[in-house]
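Only one structure is covered here, and it is reproduced in the block below.
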Amino acid sequence: MSTVIQIQEPLGRPPAAPPAGFALWQLGFRPFYLLASGFAALSIPLWALQYAGLLYTPYLQGPQWHAHEMLFGFALAVIVGFLFTAVRNWSNQPTPTGLPLAALALLWLAARVLVLTPYGWAAAAANVAFPLAAAVALARPLWAARNRRNYFFVGLLALLAVAALAVHLQGLGVLALPSWAGIQLGLDVVLFLMAVMAGRVLPMFTNNGVRGARATRHPLLEKLALGSVLVLLLADLLRLPPPLLAAVAAFGAAAHLARWLLWQPWTTLRTPIVWVLHAAYVWIPVHLALRAAGLLGWLPASAAAHALMVGAAGGLIIGMMTRTARGHTARPLRADRADVACYALVLGAALVRVAVPLLVPAWSVGAVLLSAVLWSAGFGLYALRYAPILSRPRLDGKPG
């Protein structure tokens with residue numbers, strides 16, 4: 001069974017007036033894309049104000065909570081919405097809609113609220129329950145279809161629940177773990193998820209969307225690139241010596257750069273809905289190279305995390321959220337000016353956040369503030385632009 005993501009092109013001319021009705025709970029991408037984009041637009045500027053010392057009543061309690069919310073709030077919401085949508089195509093089986101989907105969205109929202117309260121155990125329970133509930137919801141259609149190739153997504157969601165649990169148990173003083181152990185596990189899992197999905201869709205999107213492109217995948221290079229991330233994840237769990245971790249990260253950087261070049265990113269420059277994904281993916285080898293340098297003490301460790309979450313995750317998410325929202329609502333797979341503005345703002349936020357503090361450390365606070373403004377503007381524009389699209393029925397009247 002094919003495991004590529006099926007993005008539906010609109011057939012014929014769309015109706016003069018969009019169908020009436022409320023469709024937010026008809027498919028997983030709809031509520032979670034809207035929640036994630038709104039959350040991204042609001043939470044990061046508030047964190048930046050805290051970082052700059054301008055917010056006296058912090059929204060998030062320290063850098064660990066900022067990282068927690070980027071991983072288990074923003075990124076996880078998009079991952080779940082994306083997988084609910086994709087697994088329905090892969091398995092030809094239903095994924096949560098209606099009240100079950102609304103209940104999962106409410107659980108995610110409760111987790112976001114609870115981390116702002118003194119009720120640590122309640123926050124831990126909600127943040128662990130959400131990825132576990134999503135894993136169960138994915139396991140059912142995959143098992144019904146015997147879609148074995150994609151079972152591992154269930155395991156990865158369960159592993160994200162373990163990472164969230166580790167963060168909370170360490171914060172509550174129950175386990176004597178290194179302060180960033182759970183966050184690092186979450187980063188590694190998200191990195192692997194992005195690497196897998198990009199390998200499945202970027203060559204296809206490039207060849208389908210760009211005339212004359214010949215994006216290819218080399219089987220050995222695929223194994224080396226994905227395998228390097230899994231080895232890094234295992235090495236982080238085992239807390240191997242930094243020089244060994246740095247060697248694995250450096251090898252991974254080279255493998256992912258070579259993989260990206262086989263996809264011919266230079267052919268996509270006139271196709272924004274494709275080039276944004278390539279521009280985001282290149283942040284993965286940058287992340288791994290910065291991780292290696294950080295482990296060796298050459299650069300601050302935070303540069304690698306921001307390259308991954310702002311550059312790679314932010315760019316891939318804004319690109320896929322526009323593409324899948326368009327495809328699954330029967331709209332043309334072409335980025336308009338608002339979409340391109342979203343791409344430029346989010347990728348600009350990554351460049352400012354990573355490059356400026358490395359090149360001019362004295363400007364770090366200003367870079368954080370500017371990056372937050374760009375990020376918030378990019379995802380805020382998406383939320384405003386796509387809220388009507390995500391909440392209304394498909395233009396062709398089909399379900400989904």
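The values are calculated or read from the model by the stated rules, or taken from the named source; none is laboratory data. Everything numeric here is computed off the predicted structure, so don't read it as measured data. With ideal geometry, Cβ positions are generated from the backbone for all residues, glycine too; neighbour counts draw on all protein chains shown. For accessibility, only protein heavy atoms count, side chains too; no ligands or nucleic acids. Shrake-Rupley method; radii C 1.70, N 1.55, O 1.52, S 1.80 Å.
Quick notes on this structure:
- Radius of gyration and Dmax over the Cα atoms of the range 137-222, both given in Å: 17.8, 57
- Gap separating the Cα centres of the range 330-400 and the range 140-186, nearest whole Å: 27 Å
- Charges were assigned to the Cβ only: +1 to each Lys and Arg, -1 to each Asp and Glu. The resulting dipole of the range 145-236 about its Cα centre is roughly 620 debye.
- Peptide packing: for 332-339, 235-242, the average count of neighbouring Cβ atoms within 10 Å per residue gives the ranking 332-339, 235-242, highest mean first.
- Sparse-neighbour loop sites [chymotrypsin sites (Phe, Trp or Tyr not before Pro); the range 34-128; at most 10 other C-beta within 10 Å; DSSP]: Tyr56
- log₁₀ of I(q)/I(0) at q = 0.12 Å⁻¹ - the range 219-330, Debye sum with one point per alpha carbon: -0.47
- Carbon + sulfur, % of accessible area of the chain - ligands and nucleic acids excluded, 1.4 Å: 69 percent
- Given a 1.4 Å probe and the protein chains as shown, Val368 ends up with an accessible area of around 10 Å².
- The chain: most fluctuating residue of Leu160, Leu202, Leu54 per GNM, C-alpha cutoff 10 Å: Leu54
- Convex hull volume per residue, computed on the Cα atoms of the range 342-400, equals 74 Å³.
- Ratio Rg/Rh, restricted to the range 277-339 and using Cα atoms, in which Rh is the Kirkwood radius: 1.19
- Helical contribution to [θ] at 222 nm, DSSP H n ≥ 4, -39,500 (n - 2.57), averaged over the chain, rounded to 500: -23000 deg cm²/dmol
- D (Stokes-Einstein, µm²/s), Kirkwood Cα radius, the range 251-302, 1.567 mPa s at 4 °C: 109 µm²/s
- Positive-pole candidate from Gly38, Trp108, Leu49, dipole of the range 16-149, charges at beta carbon: Trp108
- Along its principal axes, the chain has C-alpha extents of 57, 48, 44 angstrom, given from the largest down.
- Once divided by 2.2 N^0.38 Å, the Cα radius of gyration of the range 151-276 becomes 1.26.
- Neighbour cut-off at most 13 other Cβ (10 Å), DSSP loop, chymotrypsin sites (Phe, Trp or Tyr not before Pro), the range 217-298: Trp298
- According to the Cα-based calculation, Rg over Rh for the range 299-383 is 1.06, with Rh computed by the Kirkwood formula.
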